[in-house]
Amino acid sequence: MKTHILGFPRIGSKRELKFAQESFWKGEITADELIITGKQIRATNWNLQKFLDFAPVGDFSFYDHVLDMSFTLGNVPERAQNTKGAELDRFFRIARGRSAKDNEEDTIHAGEMTKWFDTNYHYIVPEFKADTKFALNPQRIIEQLAESRELGVNAKPVIVGPITYLAIGKEKDGSDKSDLLQRIIPEYQKLLDILAENGAEWVQIDEPVLVTELDSKWQDMFQTAYEQLSQPNIKILLATYFGTLQENLATAVSLPVDAIHIDAVRGISEVKTVMNLLPETMQLSLGVIDGRNIWKTDLTGLLNWLEPIAKQLGDRLWIAPSCSLLHVPVDLDLEEKMDEEIKSWLSFATHKLEELKVVARALKDGRDIVKAELNENYQLMLNRRKSMRVNNPDVQRSLLSVLPYMLRRESTYEKRAQVQKNKFKLPLYPTTTIGSFPQTSEIRSTRLKFKKGEIDNTSYVQKMKVEIKNAVKIQEELGLDVLVHGEAERNDMVEYFGEHLDGYVFSEFGWVQSYGSRCVKPPIIFGDISRPKPITIEWSKYAQSLTNKPMKGMLTGPVTILNWSFVRDDIPRFVVCNQIALAIREEVLDLEKAGIDIIQIDEAALREGLPLRKSEWGDYLKWAVEAFQLSANGVSDETQIHTHMCYSEFNDIIAAIADMDADVITIETSRSDMELLDVFDEFSYPNEIGPGVYDIHSPNVPSVDYMVNLMEKAAVRIPEERLWVNPDCGLKTRGWPETLSSLRNMVEAANCLR
């Protein structure tokens, strides 16, 4: 039996990569210094993994592993091919629009970004055209392979597979990307040859697209591709994860590869079927440790079903986490302030390695060799199940009292729209922002001092009010129509609300990469959720007192709070979501009572929770939409409800979004050049919509003409009286100079449109 992992967090235990990236982009460190930081992080990771039979190489990236694969294959968009600087500069220009020390003349249009399957990790979408050519550049992975060997690591190179790479990319000219298969396969063949020449025994080829619904053409492409990739010089581990194989199972086990990895956490029901169909020449890797969540594994329960499999397969069995550990925090030992009881129930990436080690020793040498570890684990599992901190009878009774009328607004959108038009008297193409403004070093410093007890609550509130007052003043000077308070008091759109809800616990260092240098620290739902007191009311009331213009109350929606948290695994997700929805509903009603007549309930992650198979979407969308309705629909017709969705290709769920019945929805469209609005050619969206015209994930400042052009494209599909003008997302990660320039241009664009 062999042990391995599919990937490890690349950010460093204290986000060393993030700080190095951002210092490089600011010109504060050189490319060589950034590269050294990357090398140090890789060395630290590999030293933790030396006990493994195979450790991954190539899972590290300076921004995104999919973009790395694009550069490995030589698939660099034409707009970046002849730009100045080294390959790293071109890499960052595709990732974020510019590299270190670039000025406006050097910037290019950043690559489109979207979710990696159903995770909160974002990747840069590969771009294809009918004439796309590939040219192998293996230098990055070869260098990392050599590094690992110097550290005494038995390396297993990791690459994104050819079918998944094509499937997750986008045709830019209407061509059929499947036609590129015979152009891309020779580059993969060359790469496998080079890896073998450099001493690699195994290569892990990730094909998570196998857990999605594939038509017969794409299934046949797997056979075609792997028949050509199969060779005697290097062994292939085909890795699938994030779900079950279902109709693709027979295809997967019939491929001419040497081993296959399946997700035995989400796909445990298929393990026996896979074993029955597995050729005797093929080895089976089972992902038995959850790579997506932070709860300790029930080791005794795991061994009870795994031991017979190990006995049957013998040395044909590999064990691993279910997927790359990229999706969990790095090191639980850093959490010195966390509640000790709850901490004892958790497992971060380094501890998942330890769990894997215990399971491997038990399978190889018997349970007695790890008796102490198993007994401790069993007691912790028991303590969590019996803990009175997990179950709240009052919350459970509240859920039973939810009635159908609570999910509906008083009147139809058409009636509400007229009432709201008469009340707010907004101009054509009203302008607003999505909620947050730049989180300056002064704001972060003030929040940290308050958290450490260095300033009292009165001083903290006063300092935050200064920031809010400044944000309101700036918006009025810019001429925005609907204002926000800027969210200076908030650390994160989910963590902030979690800190004010019962049933949550928080980490200090539980960071997970979302994209590039953007890391999030998901709160942990360990028990039933309730709202002990109002959360945002006083901040919103103060902001509204500073202006005669409408002030939006800013909330995070229940589905996004759920999907961007680490969620308890002992009850269904929809039950947790409804608990959160009731808490947000209380906040919405309190905002309305306080005179806040426009309330935005962000559901940025609605699509993120979609099952990977469309056949399973219906149930999820039903309860997700109903949770939003429960949170939003207790207000009067005069109160305008907004929602926001970022980086969500919503075309195929547009009917469900319409069912949410928000008065206004704002969405990301700038990176896709309004392509996301194509759905409105066929679907008559009934309510108002703000297609984002300003890509806030890039430091580039969009021109007036650029934004006018985007809105004119939108107006072809949506009546202009139902269009809003806004950025793609919140502005907390941007600096004030670029923010002011961009918003000034945005307001001017709206004036031009009027």
Item to check | Any hit, region 671-678, residues being in contact with a strand residue (DSSP E or B) (Cβ under 6 Å, 6 or more places away or on another chain), assigned to a loop (DSSP other than H, G, I, E, B), more than 28 Å from residue 411 (Cα to Cα) and open to solvent by less than 10 Å² (accessible area, probe 1.4 Å) | outcome: no
Item to check | Cβ pairs under 7 Å, 6+ apart, first in region 152-177 and surrounded by fewer than 23 Cβ atoms within 10 Å (Cβ to Cβ) and assigned to a loop (DSSP other than H, G, I, E, B), second β-branched (Val, Ile, Thr) and modelled with pLDDT of 95 or more | outcome: 169/125
Checklist entry - Can you name the condition, by its number, that residue 754 falls short on among (1) under 29 Å from the mean Cα position of the chain (by Cα); (2) on the phi < 0 side of the Ramachandran plot? => result (1)
Item to check | Only listed residue being open to solvent by less than 10 Å² (accessible area, probe 1.4 Å) and either at pLDDT below 95 or over 30 Å from residue 387 (Cα atoms) (or both), chosen from 520, 461, 484 | outcome: 484
Checklist entry - Looking at region 325-375, which of the residues that are more than 23 Å from residue 7 (Cβ to Cβ) and among the acidic types (Asp, Glu) is least open to solvent (accessible area, probe 1.4 Å)? => result 339
Item to check | Flag if residue 117 is in contact with a Phe, Trp or Tyr (Cβ under 9 Å, 6 or more places away or on another chain), in a loop (DSSP other than H, G, I, E, B) and under 18 Å from residue 41 (Cβ atoms) | outcome: no
Item to check | Neighbours by Cβ (under 6 Å, 6+ apart or cross-chain): first from region 482-510, under 30 Å from residue 421 (Cα atoms) and part of a loop (DSSP other than H, G, I, E, B); second among the aromatic types (Phe, Trp, Tyr) and open to solvent by 20 Å² or more (accessible area, probe 1.4 Å) | outcome: 485/539
Checklist outcome for this item: Picked from region 553-565 (must be touching a Gly at 6+ places or on another chain (Cβ under 8 Å) and not small (Gly, Ala, Ser)), the residue nearest to residue 499 (Cα to Cα) is 561
Checklist entry - Can you tell me which of 296, 311 is within 26 Å of the chain's Cα centre (by Cα) and either surrounded by fewer than 20 Cβ atoms within 10 Å (Cβ to Cβ) or within 23 Å of residue 370 (Cβ to Cβ) (or both)? => result 296
Checklist entry - Would you say residue 612 is within 21 Å of the chain's Cα centre (by Cα), open to solvent by 10 Å² or more (accessible area, probe 1.4 Å) and free of Cβ contacts under 8 Å to residues at least 40 places away in the same chain? => result no
Item to check | Residue that is under 22 Å from residue 540 (Cα atoms), surrounded by fewer than 24 Cβ atoms within 10 Å (Cβ to Cβ) and modelled with pLDDT of 95 or more, where the choices are 622, 593 | outcome: 593
Checklist entry - For the subset of region 66-96 comprising residues that are touching a helix residue (DSSP H, G or I) at 6+ places or on another chain (Cβ under 7 Å) and of a type in the set (Ser, Thr, Tyr), which member is least open to solvent (accessible area, probe 1.4 Å)? => result 72
Next on the checklist: Taking the condition of being of a type outside the set (Val, Ile, Thr) and closer than 22 Å to residue 731 by Cβ, how many residues in region 515-548 meet it?
Outcome noted: 13
Checklist entry - Quick one: which of 508, 476 is surrounded by fewer than 17 Cβ atoms within 10 Å (Cβ to Cβ) and either at pLDDT below 95 or touching a strand residue (DSSP E or B) at 6+ places or on another chain (Cβ under 6 Å) (or both)? => result 508
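Table: residues versus (1) of a type in the set (Val, Ile, Thr); (2) at pLDDT 95 or above; (3) in contact with a helix residue (DSSP H, G or I) (Cβ under 9 Å, 6 or more places away or on another chain).
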{"residue": "337", "(1), (2), (3)": "no, no, no"}
{"residue": "352", "(1), (2), (3)": "no, yes, yes"}
{"residue": "355", "(1), (2), (3)": "no, yes, yes"}
{"residue": "367", "(1), (2), (3)": "no, yes, yes"}
{"residue": "374", "(1), (2), (3)": "no, yes, yes"}
{"residue": "396", "(1), (2), (3)": "no, no, yes"}
Next on the checklist: From the list 207, 213, exactly one residue is touching an Asp or Glu at 6+ places or on another chain (Cβ under 9 Å) and of a type in the set (D, E, K, R). Which is it?
Outcome noted: 213
Checklist entry - Inside region 25-65, can you point out the residues that are buried (at least 20 other Cβ atoms within 10 Å of the Cβ) and among the acidic types (Asp, Glu)? => result 59, 64
Next on the checklist: Suppose we keep only residues that are under 22 Å from the mean Cα position of the chain (by Cα) and farther than 15 Å from residue 400 by Cβ within region 573-583. Which one would you say is most open to solvent (accessible area, probe 1.4 Å)?
Outcome noted: 573
Checklist entry - Taking strands (runs of 3 or more DSSP E) that do not extend beyond region 513-604, which have at least 1 residues that are aromatic (Phe, Trp, Tyr) and out of contact with any Ser or Thr (no Cβ under 7 Å at 6 or more places or on another chain)? => result 524-530
Item to check | Subset of region 69-97 [within 15 Å of residue 113 (Cβ to Cβ) and charged (D, E, K, R)] | outcome: 93, 96
Checklist entry - Which condition breaks for residue 494 when tested against (1) touching a Pro at 6+ places or on another chain (Cβ under 7 Å); (2) of a type outside the set (Gly, Ala, Ser); (3) crowded, with 21+ Cβ neighbours inside 10 Å; (4) modelled with pLDDT of 95 or more? => result (4)
Checklist entry - Out of all the residues in region 187-210, which are among the charged types (D, E, K, R), open to solvent by 10 Å² or more (accessible area, probe 1.4 Å) and over 16 Å from residue 318 (Cβ atoms)? => result 187, 190, 193, 197
Checklist outcome for this item: The number of residues in region 314-324 that are in a helix (DSSP H, G or I) and either without any contact (Cβ under 8 Å) to a residue 12 or more places away in the chain or open to solvent by less than 60 Å² (accessible area, probe 1.4 Å) (or both) is 2
Item to check | Output for region 97-107, where each listed residue is surrounded by fewer than 22 Cβ atoms within 10 Å (Cβ to Cβ) and within 24 Å of the chain's Cα centre (by Cα) | outcome: 97, 98
Item to check | Residues located in region 272-293, provided they are crowded, with 18+ Cβ neighbours inside 10 Å and assigned to a helix (DSSP H, G or I) | outcome: 274
Checklist entry - In the list 196, 135, 155, 130, which residue meets the criterion of being more than 20 Å from residue 10 (Cβ to Cβ), in contact with a Ser or Thr (Cβ under 8 Å, 6 or more places away or on another chain) and aliphatic (A, V, I, L, M)? => result 130
Checklist entry - Does at least one position in region 425-442 carry a residue that is open to solvent by less than 50 Å² (accessible area, probe 1.4 Å) and assigned to a helix (DSSP H, G or I)? => result no
Next on the checklist: Against the condition under 19 Å from the mean Cα position of the chain (by Cα) and of a type outside the set (A, V, I, L, M), how does residue 89 come out, does it pass?
Outcome noted: no
Item to check | Scope region 703-754; condition in a helix (DSSP H, G or I), over 18 Å from residue 481 (Cβ atoms) and open to solvent by 10 Å² or more (accessible area, probe 1.4 Å); matching residues | outcome: 705, 706, 709, 712, 713, 716, 717, 736, 737, 738, 741
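The values are calculated or read from the model by the stated rules, or taken from the named source; none is laboratory data. Fair warning: this is a prediction, and the values are worked out from it, not measured in the lab. Note: ideal-geometry Cβ built from the backbone for every residue, glycine included; neighbour counts use all protein chains shown. Each accessible area value is taken on the protein alone, full model and side chains, heavy atoms only, with ligands, DNA and RNA left out. Shrake-Rupley method; radii C 1.70, N 1.55, O 1.52, S 1.80 Å.
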